[in-house]
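Input: one structure, supplied below.
Laboratory data are not the source of any read-out in this text; all were calculated from the coordinates shown. Computed from a predicted structure; not experimentally measured. Because the Cβ atoms are built from the backbone with ideal geometry, glycine has one as well, and the counts that use them run over all protein chains shown.
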Amino acid sequence: MTTNTTTKSSETETQARHVFPFTAIVGQEEMKLALILNVIDPKIGGVMIMGDRGTGKSTTVRALVDLLPEIEVVVNDPFNSDPEDPELMSKEVRARIQQNQKLETTVRKIAMVDLPLGATEDRVCGTIDIEKALTEGVKAFEPGLLAKANRGILYVDEVNLLDDHLVDVLLDSAASGWNTVEREGISISHPARFILVGSGNPEEGELRPQLLDRFGMHAQIGTVKEAHLRVKIVEQRAQFDESPSVLRNQYLQSQTELADKINAARQLRNQVEMDYDLRMKVSQVCSELNVDGLRGDIVTNRASQAIAAFEQRVKVTPEDVFRVIPLCLRHRLRKDPLESIDSGDKVREVFKKIFGFE
């Protein structure tokens with residue numbers, strides 16, 4: 001057993017760049033709900049946001065930074081290792097635990113890491129200093145973005161334009177939860193469990209099915225049509241560009257309340273129960289829709305429990321399932337080019353039939 005010394009480091013609110021307040025974002029409820037549920041339960045598996053240009057996809061994802069809860073990490077560890085969970089700690093930290101060394105820990109906010117489209121594989125995965133390895137006999141590893149994103153959020157804007165080799169890297173890490181870098185006979189592995197958030201414009205190309213399936217949820221967003229809402233969005237944006245701190249102060253209370261609500265839901269999520277009958281009906285919906293694999297069943301169950309926890313309930317209702325199931329299944333349906341019905345509406349129709357909803 002190791003005794004952990006915890007030093008709480010209250011990370012300052014002052015940020016290099018101001019972030020638009022999440023609660024100030026008008027409309028786009030489907031996208032906001034998907035992001036919140038993934039913060040409550042990271043095992044939902046991330047969210048893909050597809051929509052028109054200029055609909056606030058990137059703004060909304062980056063606004064999530066203010067709401068992210070704090071986690072306990074090992075001090076001076078580049079992988080944000082969890083001092084309690086071996087699956088989320090680096091090999092060095094595990095070795096220290098086996099040697100009964102004391103671990104100094106600190107508390108910091110979950111990290112959000114941007115993966116730029118032009119990033120090299122070395123920048124994403126990390127590099128091994130071969131010269132140092134050969135001359136000094138030590139494994140000198142320069143961690144990449146995947147190391148920084150461990151236990152956090154990895155955000156890829158315009159994910160459908162990402163190079164294929166980087167898509168393969170993300171697929172491997174998302175599947176195994178580990179990143180392995182091999183060079184000149186030297187191999188280094190580290191944990192890389194992250195919430196994968198992607199955004200893109202469907203006009204710029206479809207996503208590879210293997211990567212699309214890795215996203216737990218899929219949110220579709222469109223341009224706001226109501227004139228009064230458009231005016232409000234334009235006014236807010238102008239105010240934020242003029243004086244970001246003034247707008248942030250206006251929404252400080254609602255931001256704090258939402259962050260507290262998310263924190264409470266994270267504490268409650270493991271206590272939420274979902275009846276066998278509900279789980280059976282979810283699987284019936286997946287079967288009726290010919291959803292490949294079981295990922296759709298698993299994600300729908302998890303998302304239903306997360307939304308119940310978000311509303312401070314310990315029992316999942318059919319209404320909870322109805323709210324999340326289009327997000328969890330629409331991107332898993334086999335595409336029929338002749339079909340005119342929206343995939344989300346198709347999911348709702350089958351749900352209503354099996355659950356007996358009017």
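In this model, which of 32/346; 232/352; 225/353 are farther than 24 Å apart at the alpha-carbon?
Listed pairs above 24 Å: 232/352; 225/353.
Mind checking which of 213, 52, 297 has the largest fluctuation in a GNM of the chain, springs on alpha carbons under 10 Å?
Most flexible of the set in this elastic network: 52.
Between helix 276-288 and the chain, what is the angle of the helix's C-alpha long axis to the longest principal axis, kept within 0 to 90° and rounded to the nearest 10?
Once rounded, one gets 80 degrees.
Moving to a separate point now. What is the dipole size for the stretch 84-181, taken about its Cα centre, with +1 at each Lys and Arg Cβ and -1 at each Asp and Glu Cβ, in debye to the nearest 20? Could the numbers behind the result be given before it?
Numbers: 11 positive and 18 negative charges, 137 e Å.
Charge dipole, the stretch 84-181, about its Cα centre: 660 debye, nearest 20.
Could you work out how far helix 343-355 tilts from the main Cα principal axis of the chain, as a 0 to 90 degree angle to the nearest 10?
For helix 343-355, the angle is close to 70 degrees.
Once both labels are modelled 7 Å past Cα along the beta-carbon direction, what's the residue 334-residue 171 spacing in nm?
Each label point is offset 7 Å from its Cα along the Cβ direction, giving 2.0 nm.
Just rank 286, 328, fewest to most, by other beta-carbon atoms within 10 angstrom.
Working: 286 24, 328 32.
Going from sparsest to densest Cβ surroundings: 286, 328.
Identify, among 40, 54, 170, the residue whose Cα sits farthest towards the positive end of the charge dipole of the chain, taking +1 on the Cβ of Lys and Arg and -1 on the Cβ of Asp and Glu, with the dipole about the Cα centre.
40
How much length is gained on full extension from residue 58 to residue 312, taking 0.36 nm per residue of separation minus their Cα-Cα distance?
Extra length from residue 58 to residue 312 when fully extended: 88.6 nm.
Which angle between 0 and 90 degrees, to the nearest 10, do you get for helix 295-310 versus the longest principal axis of the chain when only C-alpha atoms count?
In the chain, helix 295-310 runs at an angle near 90 degrees to the longest axis.
How much of the DSSP bridge set in the chain is antiparallel, in percent, rounded to the nearest 5?
Here the share of antiparallel DSSP bridges comes out near 40 percent.
At 7 Å along Cα-to-Cβ for each site, give me the label-to-label distance between residue 322 and residue 292 in nm.
3.1 nm
Give me 283, 90, 245 sorted ascending by neighbouring Cβ count inside 10 Å, so fewest comes first.
Numbers: 283 17, 90 22, 245 9.
Result, fewest neighbours first: 245, 283, 90.
Per DSSP helix of 4 or more residues, -39500 (n - 2.57); summed, then divided by the residues of the chain. What does that give at 222 nm, rounded to the nearest 500?
Value at 222 nm, helices only: -13000 deg cm²/dmol.
Filter the GluC sites (Glu not before Pro) in the stretch 24-89 to those in DSSP coil with at most 13 other Cβ atoms within 10 Å of their Cβ, and list the result.
Values: sites: 29, 30, 70, 72, 84, 87; in loops: 84.
For GluC sites (Glu not before Pro) across the stretch 24-89 that sit outside H, G, I, E and B with at most 13 neighbouring Cβ atoms in 10 Å, the list reads 84.
Looking at the stretch 25-221 only, what percent of DSSP beta bridges run antiparallel? Nearest 5 please.
Details: 14 of 31 bridges.
Looking only at bridges with both residues in the stretch 25-221, the antiparallel portion is about 45 percent.
Hey, got the dipole for the chain? About the Cα centre, +1 on K and R Cβ, -1 on D and E Cβ, debye to the nearest 20?
Computed about the Cα centre, the dipole is about 740 debye.
Calculate the length of the line joining the C-alpha centroid of the stretch 14-61 to that of the stretch 290-310, in whole Å.
19 Å
How much FRET efficiency would the formula 1/(1 + (r/R0)^6) give for residue 264 and residue 135, where r is the Cβ-Cβ distance and R0 is 41 Å, rounded to 0.05? It would help to have the intermediate numbers written out before the result.
Numbers: r = 53 Å, r/R0 = 1.29.
Efficiency computed from Cβ-Cβ geometry: 0.20.
Quick one: order 55, 300 by neighbouring beta-carbon count within 10 Å, fewest to most.
Going from least to most buried by this count: 55, 300.
For residue 101 paired with residue 354, estimate the spin-label separation in nm (one decimal), with each label point 7 Å from Cα along the Cα-to-Cβ line.
Going by the 7 Å Cα→Cβ label model, 5.1 nm.
Moving to a separate point now. Which lysines, if any, have their Cα less than 23 Å from the Cα of residue 91, not counting same-chain residues under 8 positions apart?
The qualifying lysines are 43, 102, 109, 132, 139, 148.
For the stretch 270-355, with the dipole built from +1 on Lys and Arg beta-carbon atoms and -1 on Asp and Glu ones, taken about the Cα centre, which of 285, 298, 350 lies farthest toward the positive end?
Result: 298, furthest along the dipole toward the positive end.
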